[in-house]
1. For region 239-374, what is the percent of antiparallel DSSP beta bridges, rounded to the nearest 5?
2. Quick one: angle between helix 318-333 and the longest Cα principal axis of the chain, in degrees between 0 and 90, rounded to 10, please.
3. Using just the Cα positions, wrap region 12-226 in a convex hull and report its mean projected area in square nanometres, one decimal place.
4. How big is the Cα convex hull of region 300-367 in projection, averaged over all directions, in nm²?
5. Using a Förster radius of 45 Å, what is the FRET efficiency between Gln131 and Glu268 based on their Cβ-Cβ separation? Nearest 0.05, please.
6. With unit charges on the beta carbons (Lys and Arg positive, Asp and Glu negative) and the dipole taken about the Cα centre of the chain, which residue among Ala66, Val209, Ser111 sits farthest to the positive side?
7. Roughly speaking, what is the stretch gain from Arg186 to Leu418, that is 0.36 nm per residue apart minus the C-alpha to C-alpha distance, in nm to one decimal?
8. Please report, in Å, the Rg and the Dmax of the chain, where both are computed over Cα atoms only.
Amino acid sequence: MADSRPDGRLTSHEAIALVAEVFEEHRPPPRTSAPDGPLGWSGYDAARARAAERTGAEESVRYGTAVVGGHRCVLLVFEFGFLGGSLGQRAGDRLEAAYELAGRTGVPLVSLVATGGSRMQEGMLALGQLQRVARAAAVLRAARVPHLTVLRDPATGGGWATVGAGADVVLALAGAQVGFAGSRVRPPEADPSAYTAEGQWAAGQVDEVVAPGRLRGTLARWLGALHRDSAGPPEPAPVPKRLSAAEPPVSGWDAVRAARDPARPRAEAYLARYFTHRLPLSGDRCGGVDPGISCGVGVRADGRAVAYAAQCGTATTPAGYRTAARVIRLADRLALPLLTLIDTPGAANGAEAERAGAGPAIAEVFAAIAEARVPVTTLVIGEGGSGGALALAAPGRTWVTRDCYFSVIAPELAAAILKRPPEQAPATADQLRLRPQDLVELGVARGIV
């Protein structure tokens, strides 16, 4: 085994040992090339030979079959000590072979990324490897095989923009440098915190930042959650049991007040009761995170995995809707049943939300629900404010709690639009027929839990 790097970064051998109990390396057929590579870059062959001797690796990328936390997978590992983990034609061969192996065997692909980008000594031929990776990733997605990536230090350039950011689940080691621009090419005035695992998580580009000691366990939970015993369609997620002892409201205004009661159960309480453990999916991959929406994959006591998107009682932002749409589409592709919890006074409608694309983001969720081939189960647990709430609702598979309402618009706003005085809001609530029992009678909801 190669020695640890003097800068403290993990070697490929150490990265493999960190996560896998078993690793059987595969090697693609050797590629013949002209002396000093396709560009005839003087000294390139010698540099590769020194890198191989120093690291014990034949290239900047290694791959093979592995067992991680008791689960079979294909493991793809970068060796940063080999010319900075850079991508050239031979590395591209290995990347493509790893994706193909995962697709052929139907087991998840786990990538441990540590790269500085494309290899300058191979010029545009090296950069073109990114297109090979993108094509291989598209084929893997079409095969409905999950891809989990772990961003090590550093994860920059094209490797971050393809193998890293293109995965279904993106984890990052705490303190890792993560960014498209490496430290030697980014603007000198750039905020260094933007190029860290923690900064990328805050910006919605990473699902979770993980300490090295927790990595194997986290990957094992993900691999266990994404494993399916059957190739058939999944069973619908069960409707959550009620957590409130509230009685059905007498008036529409009673329903509104019950839904707005700060003491009633919220999404966190429902999710904690519903799952034994949860794996978060965070961020919209467009630079935004909405703390008012909770998304991920949870595992129930019977071992079943269910994807979830839950509003947490605040006005949902465009980033929240885009995150929900991402999770809905991921659940659909990986054949996971989906649970949505509705609790929002409505979509965020300030100027910032409009500039961030509130309308298109809501439309994206409506489309994701409409296109889903997996069963979607919805429970309205609090406020159901207009289209911002309806976007997450499953047509024909929506239930309600006793302490909720669901309305075309909030009664106060309805009264304002109708030019009624504010004191007419309670009467307007009755006219809107927004109580749980009204929703069942109207056919909007299948039942009250």
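Any read-out appearing in this document is the output of simple, stated calculations on the displayed coordinates, not a laboratory observation. All values derive from a computational prediction rather than experimental measurement. Counting neighbours? That spans all protein chains shown, and the Cβs are built from the backbone with ideal geometry, glycine included.
1. Details: 11 of 16 bridges.
Percentage antiparallel, nearest 5: 70.
2. Rounded to the nearest ten degrees, it is 70.
3. Numbers: hull surface 45.8 nm².
With every direction weighted equally, the projected area is 11.5 nm².
4. On the way: hull surface 19.6 nm².
For region 300-367, averaging the hull's shadow over all directions gives 4.9 nm².
5. On the way: r = 43 Å, r/R0 = 0.95.
Approximately 0.55, to the nearest 0.05.
6. Farthest towards the positive end: Ala66.
7. Details: separation 232, 0.36 × 232 = 83.52 nm, distance 5.49 nm.
78.0 nm is the gain from fully extending Arg186 to Leu418.
8. 25.1, 85
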